[in-house]
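Enquirer: Encoded as structure tokens, here's the structure I'll be asking about.
The values are calculated or read from the model by the stated rules, or taken from the named source; none is laboratory data. Computed from a predicted structure; not experimentally measured. Because the Cβ atoms are built from the backbone with ideal geometry, glycine has one as well, and the counts that use them run over all protein chains shown. Areas reflect the complete protein model, heavy atoms only, side chains present, ligands, DNA and RNA absent. Shrake-Rupley method; radii C 1.70, N 1.55, O 1.52, S 1.80 Å.
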Amino acid sequence: MSQRLWGGRFASGPSEAMANLSASVHFDWVLAPYDIAQSKAHARVLHTAGLLSADELQTMIDGLSTLADKSQKGEFIATHADEDVHTALERGLIETIGPEVGGKLRAGRSRNDQVSTDLRMYLRNSARYLASDVVDLQKAILVQAAAHVDHPAPGFTHLQHAQPVSFGHELAKHAHALSRDLERFIDWDDRAAKSPMGSGALAGSSLKLDPVAVAKELGFNGVVENSIDGVSDRDFVAEFLFITALLGVHLSRLGEEVCLWASREFGWATLDDAWSTGSSIMPQKKNPDVAELARGKSGRLIGHVTAMLTVLKGLPFAYNRDLQEDKESVIDSIETLHLLLPAMTGMMATLKFDTDKMLASAPEGFALATDIAEWVVQQGVPFREAHEIAGACVREAEAHGIELDALSDEQFAAIHPALTPEVRTVLTVEGSIASRSTVNGTAPSSVRAQLAGAGIVVSDFAKWAAHIPHAV
Ligand code: ARG
């Protein structure tokens, strides 16, 4: 008998090219442990519905456990002829316990509700594994940030010197962006935590099964409300892909920053040998490949969201085979991030910063001009005028090829009478940074409080990541 799940009405098997096109087992095998867990839960509701005797249930559960064990050890291997993971595992079960009992498992379910359930389980667990990689990276960033709270650096807008900032503040911003990615995973998880089991092919089942019991046993929070939606919805995949794409974009922006900092022109950061590579022709080179790959790999992560949305757009209801295209992209996104995140963590944890160089360039480019304007405002001058006055200081300094703090008392006084020698109190990098003490500002006192808050948030994420909803 054919191992296909649908041979009855066909006089012949599929042609080779058809079978090759159709096969998904080479990528959907990652779902095997979830499919087996789901089969156990399904067997139990078949028993409750009177469709499996107690003995048959026991045989089925034991057979599925053996199959899980053999699959894990590589003793049971899916083949190309199996078409997909569901077919392969049914073959494995029948080989283990025979067709009499093994052939009863499929009653009341379809690969349509099965695959959607498996994929939700796989993604919900994967979100935790990824979150824990992200938490490791956040911790590495926050340790570096804490070490550099009191180290001034130029802050940029338009890639031009803007205002001096605490370098710890600059580093920590990346941890905050990653926190939003983790919040998105947690929010997504609430919607993904519904089991489509019981939807059958699309209309539910006449076999008096109990989808609520299946959902509970599998670690879901509930059941999808509408069986047609249950087998055709892939929002949970599209959303997951968006979250991973945005996470990829955040890693790419961090990567770009490291590339800049490690360049000779900046000279702010030195990469550890273990987290950089050389050139095959230029012996002196030390390249920031981790950071570059972070930039590069965001491309495929972004592409995968686009691909999924394009598959879904205009797709008729309910299940269509197009939906099989939901898996490769999301598996690739997960695997890509599992490669990238630990490398980013290693690179960030071992970066060495030249704090003297950052400090020396912090006031350059007239970065203290805003401090002059705000000081003049405090002397009662309207900001509109204060901006002009500080601008005139920049013009004067630029004309003489000097920085703002090198202007003489006479030069200041000639620009505006409000510019008394006391203006020098704000013309230091440390003074400028310390004065920006808003709750989110760059003053070391503010940054220290921000880091403490971020640390608490990250440890909450670590707790979320540690609780794996689907035991397999
Ligand atoms: N391998 C299929 C997929 O991933 C499983 C569902 C097949 N359903 C069907 N009606 N042919 O979508």
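Enquirer: On the basis of being without any contact (Cβ under 8 Å) to a residue 12 or more places away in the chain and either open to solvent by 20 Å² or more (accessible area, probe 1.4 Å) or not charged (D, E, K, R) (or both), does I61 make the cut?
Expert: Judged against the criteria, I61 is not a match.
Enquirer: Turning to a different aspect of this structure: Being at pLDDT below 95, more than 16 Å from the ligand (Cβ to nearest atom) and either aliphatic (A, V, I, L, M) or in a helix (DSSP H, G or I) (or both): is that true of I372 here?
Expert: Here the answer is yes, as I372 does meet what is asked.
Enquirer: Another question, if that's okay. For residues that are over 22 Å from K216 (Cα atoms) and small (G, A, S), scanning just region 21-52, find the one that is nearest to the chain's Cα centre (by Cα).
Expert: S24
Enquirer: Can you tell me which of (1) touching a Gly at 6+ places or on another chain (Cβ under 9 Å); (2) open to solvent by 30 Å² or more (accessible area, probe 1.4 Å); (3) closer than 21 Å to L159 by Cβ; (4) in contact (Cβ under 8 Å) with a residue 40 or more places away in the chain is the one V249 doesn't meet?
Expert: That leaves (1) as the condition not met.
Enquirer: Determine if region 424-435 includes at least one residue that is among the polar types (S, T, N, Q), exposed (fewer than 14 other Cβ atoms within 10 Å of the Cβ) and free of Cβ contacts under 8 Å to residues at least 24 places away in the same chain.
Expert: No: zero hits.
Enquirer: Scan (1) away from the ligand (no atom under 16 Å from the Cβ); (2) under 30 Å from A201 (Cβ atoms) for the single condition A367 breaks and write down its number.
Expert: (2)
Enquirer: Something else about it: Being away from the ligand (no atom under 16 Å from the Cβ), among the hydrophobic types (A, V, I, L, M, F, W, C), touching a Phe, Trp or Tyr at 6+ places or on another chain (Cβ under 9 Å) and within 30 Å of L427 (Cα to Cα), is that true of even one residue in region 125-146?
Expert: yes
Enquirer: Among (1) in contact (Cβ under 8 Å) with a residue 12 or more places away in the chain; (2) assigned to a helix (DSSP H, G or I), there is one condition G267 misses while meeting the rest; what is its number?
Expert: (2)
Enquirer: While we're looking at this one, here's another question. Somewhere in region 178-193, is a residue away from the ligand (no atom under 16 Å from the Cβ), within 16 Å of L119 (Cα to Cα) and not in a helix (DSSP H, G or I)?
Expert: Yes, that holds for at least one residue.
Enquirer: Oh, and also: Looking at this structure, is T442 under 17 Å from A145 (Cα atoms) and not aliphatic (A, V, I, L, M)?
Expert: For T442, the condition - under 17 Å from A145 (Cα atoms) and not aliphatic (A, V, I, L, M) - is met.
Enquirer: Moving on to the next point. Could you list all residues from region 310-328 that are open to solvent by less than 70 Å² (accessible area, probe 1.4 Å), within 8 Å of the ligand (Cβ to nearest atom) and outside any loop (DSSP other than H, G, I, E, B)?
Expert: L323, Q324, D326, K327
Enquirer: Something else: Among the residues of region 70-105, how many are open to solvent by less than 70 Å² (accessible area, probe 1.4 Å) and without any contact (Cβ under 8 Å) to a residue 12 or more places away in the chain?
Expert: Here the count works out to 4.
Enquirer: If you don't mind, there's one more thing I want to ask. Hey, G200 hits all of (1) surrounded by fewer than 21 Cβ atoms within 10 Å (Cβ to Cβ); (2) within 15 Å of the ligand (Cβ to nearest atom); (3) part of a loop (DSSP other than H, G, I, E, B) but one; which does it fall short on?
Expert: G200 satisfies every listed condition except (1).
Enquirer: Looking at region 363-404 only, could you name the residues that are in contact with a His (Cβ under 8 Å, 6 or more places away or on another chain), open to solvent by less than 50 Å² (accessible area, probe 1.4 Å) and not β-branched (V, I, T)?
Expert: Correct list: G365, F366, A367, A373, A392.
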